[in-house]
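Contents: one structure, followed by commentary.
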Amino acid sequence: IMIFAIAAVSLVVAVWLWAPTDYSAFRSLTLAAFNVTSLITTTRFVHGDYSSWGTFPVVLFFLLCFVGGCSGSTSGSIKVFRWELFFSGLRRLAISNFQPNRVIPLFYNGQRVTPETIFSVFSFLLLFIVTFAVLSLIAALLGADFVTATSGIAAMMSNSGPGLGEIIGPAGTYKPLSDPLKWLFSLAMLLGRVELLTVLVLLFPDFWRT
């Protein structure tokens, strides 16, 4: 699924880049494949200024920040297996609404998935989205514009590297940001790197009593 997703998205971006420009088909595919793979696997490399390719690839690359690599990898972000379990659980929930007596077991990688696992995936996704929204709002309060605030927090939490816009986009750096914003982005990067729940556990008094 991971390889298929990277290939499909890279092909779409390559066609978008090749059609209205004078890039060759090979260069368009090279630029698209490199940047798509880098963003999904959060390796933080950039080839070319994709912020100048138009609105569609910019929005698509922003969404790719929330994908992440495979389970067990060192990549950041949400990771593919959580998305697979999320959509499987969402499908079962939708079917249960009109077939309440139907038993729909879920399997992942040949093993049956327990309801507790599905609940933990849903909880993680909710926590990730809420944290992203709160930190983006704080970034805006600290003076960042909408694009810098949202894309910067997304890039930090997913550890994908560049954000969007003229300041922190692929052709820019984080250097011009104010010190409070840099501290906030550093916090977001830490939260994303340890996958949120590890930090959340530290906030519960029961953890310190064990």
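Can you spot a residue in region 190-197 that is in contact with a helix residue (DSSP H, G or I) (Cβ under 9 Å, 6 or more places away or on another chain), over 19 Å from S38 (Cα atoms), touching a residue at least 60 places away in the same chain (Cβ under 8 Å) and not aliphatic (A, V, I, L, M)?
Checking region 190-197: at least one residue is in contact with a helix residue (DSSP H, G or I) (Cβ under 9 Å, 6 or more places away or on another chain), over 19 Å from S38 (Cα atoms), touching a residue at least 60 places away in the same chain (Cβ under 8 Å) and not aliphatic (A, V, I, L, M).
Take the residues in region 81-140 that are part of a strand (DSSP E or B) and open to solvent by less than 60 Å² (accessible area, probe 1.4 Å), then tell me which one is nearest to D179 (Cα to Cα).
V113
Which residues, taken from region 175-210, are at pLDDT 85 or above, surrounded by fewer than 17 Cβ atoms within 10 Å (Cβ to Cβ) and assigned to a loop (DSSP other than H, G, I, E, B)?
Those that are at pLDDT 85 or above, surrounded by fewer than 17 Cβ atoms within 10 Å (Cβ to Cβ) and assigned to a loop (DSSP other than H, G, I, E, B): K175, P176, S178.
Which number in (1) touching a Leu at 6+ places or on another chain (Cβ under 8 Å); (2) open to solvent by less than 20 Å² (accessible area, probe 1.4 Å); (3) modelled with pLDDT under 85 marks the one condition that N159 misses?
It is condition (1) that N159 fails.
Among the listed residues S123, S96, which satisfies the condition of being among the hydroxyl-bearing types (S, T, Y) and at pLDDT 85 or above?
One residue alone meets the criteria, S123.
List the number of the failed condition for S77; all other conditions in (1) modelled with pLDDT of 80 or more; (2) touching a Ser or Thr at 6+ places or on another chain (Cβ under 7 Å) hold.
Among (1) modelled with pLDDT of 80 or more; (2) touching a Ser or Thr at 6+ places or on another chain (Cβ under 7 Å), S77 violates only (1).
I need the full set of residues from region 21-41 which are in contact (Cβ under 8 Å) with a residue 24 or more places away in the chain and assigned to a loop (DSSP other than H, G, I, E, B), in order please.
T41
Output the residues belonging to region 141-151 that are part of a helix (DSSP H, G or I) and surrounded by 21 or more Cβ atoms within 10 Å (Cβ to Cβ).
Correct list: T148, A149, T150, S151.
Each row is one residue, and each column tells you yes or no for (1) at pLDDT 80 or above; (2) open to solvent by 60 Å² or more (accessible area, probe 1.4 Å); (3) touching a Gly at 6+ places or on another chain (Cβ under 7 Å).
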{"position": "R27", "(1), (2), (3)": "yes, yes, no"}
{"position": "L31", "(1), (2), (3)": "yes, no, yes"}
{"position": "T42", "(1), (2), (3)": "no, no, yes"}
{"position": "S52", "(1), (2), (3)": "no, yes, no"}
{"position": "L60", "(1), (2), (3)": "yes, no, no"}
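Of a type in the set (A, V, I, L, M), within 20 Å of S186 (Cβ to Cβ) and either touching a residue at least 12 places away in the same chain (Cβ under 8 Å) or surrounded by fewer than 19 Cβ atoms within 10 Å (Cβ to Cβ) (or both), is that true of A154?
When the stated conditions are applied, A154 passes them.
Answer yes if at least one residue in region 140-148 is on the phi > 0 side of the Ramachandran plot, among the acidic types (D, E) and in contact (Cβ under 8 Å) with a residue 12 or more places away in the chain, and no otherwise.
no
The values are calculated or read from the model by the stated rules, or taken from the named source; none is laboratory data. Since the structure is predicted, the reported quantities are computational estimates derived from the model, not experimental observations. No Cβ is skipped: glycine too gets one built from the backbone with ideal geometry, and neighbour counts run over all protein chains shown. The area values use the complete protein model at the heavy-atom level, side chains included, leaving out ligands, DNA and RNA. Shrake-Rupley method; radii C 1.70, N 1.55, O 1.52, S 1.80 Å.
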